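These notes are about the structure you will find just below.
The values are calculated or read from the model by the stated rules, or taken from the named source; none is laboratory data. Only a predicted model underlies this, so the values are computations on that prediction, with no experimental measurement involved. Because the Cβ atoms are built from the backbone with ideal geometry, glycine has one as well, and the counts that use them run over all protein chains shown.
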Amino acid sequence: MNAAHAHLVLNHIPLLGLLFGTVLLAYGQWRTKEEVQKVSLALIAFAGVSTLAVYLTGEPAEEIVEDLAHVSYDALEAHEDMGIYALWAGLLTGGASIIALVIGALRGRLARWSVVLTFVLALGAVGLIGYTANLGGKISHPELRSELASPHLT
């Protein structure tokens, strides 16, 4: 497995983990099930911290694909530029989730404000990471690029 393959495999963890964890956290809040909230916070923490691995494999992946014929340089640069924001969003959300779990362990129950804060951060992180992933998909999938999409249906 080379760096490009590793990057493609790893990039699904933060996006899907944060998405599923956020939905699960909302359910746990709605049903006031603290155990569900704890599991979702742990998933969000793992997914958020995993953005570091994705980010660190990005530059080596770029070195492998940047000179391939079907690769869009503009899409590559846009994806790289958004990658740092996705990294910080993931780390901030993962950190907030860890803090919520630690506060919960010290108090014997989760603090509602820490769960709500993590939920709000997770929503933003899902948006940023999803957008970054969308830009990444356009790097080597010309059918996703708007300038190549045909306006005519057959």
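So is ALA47 surrounded by fewer than 16 Cβ atoms within 10 Å (Cβ to Cβ) and under 19 Å from LEU92 (Cβ atoms) or not? It is false that ALA47 is surrounded by fewer than 16 Cβ atoms within 10 Å (Cβ to Cβ) and under 19 Å from LEU92 (Cβ atoms). So, of the residues in the stretch 65-105 that are of a type in the set (Val, Ile, Thr) and in contact (Cβ under 8 Å) with a residue 60 or more places away in the chain, which turns out to be surrounded by the most Cβ atoms within 10 Å (Cβ to Cβ)? Looking at residues that are of a type in the set (Val, Ile, Thr) and in contact (Cβ under 8 Å) with a residue 60 or more places away in the chain, I get THR93. For the stretch 28-51, the candidate set comprises residues that are without any contact (Cβ under 8 Å) to a residue 12 or more places away in the chain and part of a helix (DSSP H, G or I); within that set, the residue that is farthest from HIS7 (Cα to Cα) is TRP30. Checked across the stretch 117-135, the condition of being in contact with a Pro (Cβ under 9 Å, 6 or more places away or on another chain), surrounded by 15 or more Cβ atoms within 10 Å (Cβ to Cβ), more than 21 Å from TYR27 (Cα to Cα) and modelled with pLDDT under 90 holds for no residue. For the stretch 25-65, taking the residues that are of a type in the set (Val, Ile, Thr) and closer than 21 Å to ALA111 by Cα, the one that is modelled with the lowest pLDDT is identified as THR32. Just one of the numbered conditions (1) assigned to a helix (DSSP H, G or I); (2) over 18 Å from THR22 (Cα atoms); (3) modelled with pLDDT of 95 or more is not true of ARG109: (1).
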